[in-house]
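Novice: Dropping a structure here in structure tokens format, bear with me for questions.
Throughout, read-outs are computed from the coordinates displayed, never taken from laboratory work. All figures in this text were calculated on a predicted structure; none of them were measured in a lab. With ideal geometry, Cβ positions are generated from the backbone for all residues, glycine too; neighbour counts draw on all protein chains shown.
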Amino acid sequence: MNQVITRKEIASNLERPLMQYTVNNGNGYAFTCLNYGATLTSIMMPDRNGIIDNILLGFNGPTDFLNDQTYFFGKAIGRVGGRIKGGLFHYKNQEFLLPRNEGDNTLHGGVNGFHHMWWDVSETEKGLTFTKVINPEMDGFPGKLEVTITYRWGENNQFHVEFYAINKSDTPTLFNPTTHIYFNLNNDKLKGLNNHKLSISAEQLLELDQQQIPTGEFINVTNTPFDFRKEQNLSEMLHSLKQLNISGYDHPYHVTGPKAARLSNLNNGRIVEIQSDRNGLVFYSLNKTHPHIKVNEGNHLFPHMAVALEPQTLPDANHHPDFGDIVLPANTEKKYEITYKLSVI
Ligand code: G6D
């Protein structure tokens with residue numbers, strides 16, 4: 001595959017030069033990312049009429065990504081995506097207090113998580129690799145973690161995100177990373193989620209408490225507006241939620257099998273199929289927004305302008321053994337992969 005990588009400095013006078021990298025796979029597909037937060041700012045793909053456009057939503061100004069702790073547009077998320085109750089991590093007879101950046105709880109790896117870090121970038125024949133040695137004093141999590149994130153094109157316009165970490169310490173830590181990309185497959189982003197259909201391979205989702213922390217109970221999706229086992233029109237489903245006074249989706253699904261979700265655009269034929277090696281998928285429909293925020297080519301942000309689908313092990317798994325295991329014991333390693341199969345019909 002004849003990928004072409006280009007790079008440019010897009011801002012200076014920062015802790016490091018803000019670098020933007022573009023990796024083009026030669027078929028009209030390209031992704032662009034930043035060395036800050038390993039942020040994916042665009043995935044360019046054609047539609048059925050040959051129009052090539054960005055299918056992601058992100059800030060209009062590149063430096064807007066720098067201090068965002070609200071939307072996480074395009075960011076790599078870790079050490080742990082999702083919420084951790086009380087910011088507490090117990091392992092054998094040890095208790096660790098993690099950074100609590102959402103009330104008493106930890107969200108998305110804390111305020112100094114992957115999303116808020118400068119990453120070393122290397123250009124390989126595979127694509128782009130982001131590396132970082134993360135010590136506890138940097139993000140407040142225990143253990144010295146050496147992390148590698150790889151973004152690359154595969155065969156048939158598949159976009160791969162690979163996470164690897166090794167715990168180079170005698171202390172256990174946690175590792176459950178994800179990506180926080182928001183999709184809007186319309187060329188005109190002002191159309192929001194109109195024309196979108198979504199399916200999620202899940203019979204159940206997690207019950208959440210008032211702080212959006214899993215209670216440990218599973219809810220069956222049957223006969224609810226959370227049932228996406230068959231492709232559903234997203235706008236219609238959002239409307240049916242509002243009938244129940246629910247502002248939108250922000251829910252962890254228990255997905256079964258490698259194909260976690262499929263998002264398609266009826267109008268222009270774009271399809272994104274998400275494959276994951278983990279059992280959770282947080283479905284977030286961008287429910288609360290600040291109108292002064294400008295995104296993409298300068299449009300003002302509005303609720304449900306895009307959808308985030310975040311593959312991960314079910315949130316707060318360290319408090320629920322039946323959710324999975326996100327502990328990375330001393331001197332052990334782990335890797336995860338998310339595949340985005342892009343196509344046009
Ligand atoms: C809100 O609850 C949601 C999260 O799921 C999301 O990741 C974040 O906004 C961007 O906190």
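Novice: Have a look at Asn279, Asn265, Asn223 and tell me which one the Gaussian network model of the chain (Cα, springs below 10 Å) gives the largest fluctuation.
Specialist: Maximum among the listed residues: Asn223.
Novice: If you don't mind, there's one more thing I want to ask. Kindly provide the helix-only [θ] at 222 nm of the chain, computed as the sum of -39,500 (n - 2.57) over DSSP H runs of four or more divided by all residues, to the nearest 500 deg cm²/dmol?
Specialist: Values: 2 runs with 13 residues, N = 345.
Estimated from H runs of four or more residues: -1000 deg cm²/dmol.
Novice: Once the dipole of the chain is set up with Lys and Arg at +1 and Asp and Glu at -1 on Cβ about the Cα centre, which of His196, Tyr36, Val80 lies farthest towards its positive end?
Specialist: Ranked along the dipole, the leading option is His196.
Novice: Something else now. Taking a point 7 angstrom from the Cα of Asn2 along the C-beta vector, which residues in the stretch 28-54 have backbone N less than 18 Å away?
Specialist: Only 28-31 fall inside the zone, counting backbone N under 18 Å.
Novice: Shifting gears a bit: In a Gaussian network model over the chain where Cα atoms closer than 10 Å are linked, find which of Phe96, Phe175, Phe159 has the largest mean-square fluctuation.
Specialist: The residue with the greatest mean-square fluctuation here is Phe96.
Novice: So, in nm, how far is label Gln210 from label Val111 when the simple model puts each one 7 Å beyond its Cα toward the Cβ?
Specialist: Distance between label points: 2.5 nm.
Novice: Put a dot 7 Å past each Cα toward the Cβ at Asp64 and Asp322; how far apart are the dots in nm?
Specialist: 4.3 nm
Novice: Test of understanding: in a Gaussian network model of the chain with alpha carbons linked when under 10 Å, which of Leu193, Leu97, Leu263 would top the mean-square fluctuation ranking?
Specialist: Result for the chain, Cα springs under 10 Å: Leu97 fluctuates most.
Novice: Sticking with this structure for a sec: Order of Arg83, Arg7 from fewest to most other C-beta atoms within 10 Å?
Specialist: On the way: Arg83 21, Arg7 14.
Ascending Cβ contact count within 10 Å gives the list Arg7, Arg83.
Novice: Sorted from fewest to most neighbouring beta carbons within 10 Å, what does the list Met237, Met305, Met45 look like?
Specialist: Values: Met237 20, Met305 23, Met45 26.
Fewest-to-most Cβ neighbours within 10 Å comes out as Met237, Met305, Met45.
Novice: I need the peptides 117-125, 54-62 ranked by packing, meaning the mean over residues of other C-beta atoms within 10 angstrom, with the highest value on top. Please list the in-between numbers first.
Specialist: Details: 117-125: 15.1, 54-62: 19.8.
Going by the mean number of other Cβ atoms within 10 Å, highest first, we get 54-62, 117-125.
Novice: Where in the stretch 158-179 is the amide nitrogen less than 20 Å from a point lying 7 Å along the Cα-to-Cβ axis of Asn93?
Specialist: From the stretch 158-179, the list is 170-173.
Novice: Can you bin the stretch 130-218 into rounded, prolate or oblate? Criterion: square roots of the alpha carbon gyration tensor eigenvalues sorted a ≥ b ≥ c, rounded for a/c under 1.5, prolate for a/b above b/c, oblate for the rest.
Specialist: On the way: a/c = 2.32, a/b = 1.37, b/c = 1.70.
Note, shape of the stretch 130-218 comes out oblate.
Novice: Please give the length that would be gained between Lys126 and Glu155 if that part of the chain were fully extended, namely 0.36 nm times their separation in residues minus their C-alpha to C-alpha distance (nm, one decimal).
Specialist: Working: separation 29, 0.36 × 29 = 10.44 nm, distance 1.14 nm.
Stretched out fully, the Lys126 to Glu155 stretch lengthens by 9.3 nm.
Novice: At a Förster radius of 25 Å, what calculated FRET efficiency corresponds to the Cβ-Cβ distance of Asp250 and His300, to the nearest 0.05? Please list the in-between numbers first.
Specialist: Details: r = 22 Å, r/R0 = 0.86.
So the FRET efficiency works out to roughly 0.70.
Novice: Sticking with this one: Roughly how many Å is it from the Cα centre of the stretch 70-149 to that of the stretch 7-28, as a whole number?
Specialist: Centre-to-centre (Cα) distance: 23 Å.
Novice: How much length is gained if the chain between Asp188 and Asn220 is pulled fully straight, taking 0.36 nm per residue apart and subtracting their Cα-Cα distance, in nm to one decimal?
Specialist: On the way: separation 32, 0.36 × 32 = 11.52 nm, distance 3.52 nm.
Stretched out fully, the Asp188 to Asn220 stretch lengthens by 8.0 nm.
Novice: Still on this structure, please answer the following. Could you run the Debye sum over the Cα atoms of the chain, one equal point scatterer each and no solvent, and tell me log10 of I(q)/I(0) at q = 0.08, 0.11 Å⁻¹, two decimals?
Specialist: Here the Debye-derived log intensity ratios amount to -0.35, -0.69.
Novice: Order by neighbour count: Leu281, Leu238, fewest other Cβ atoms within 10 Å first, most last.
Specialist: Leu238, Leu281
Novice: Turning to a different aspect of this structure: Can you pull the one-decimal nm distance between simple spin-label points at Met138 and Asn13, each 7 Å off the Cα toward Cβ?
Specialist: Each label point is offset 7 Å from its Cα along the Cβ direction, giving 2.7 nm.
Novice: Another question, then. Once you have a ≥ b ≥ c as the square roots of the Cα gyration tensor eigenvalues for the stretch 148-187, tell me rounded if a/c is under 1.5, and otherwise prolate or oblate according to whether a/b is larger than b/c.
Specialist: Details: a/c = 5.50, a/b = 2.07, b/c = 2.66.
Verdict is oblate for the stretch 148-187.
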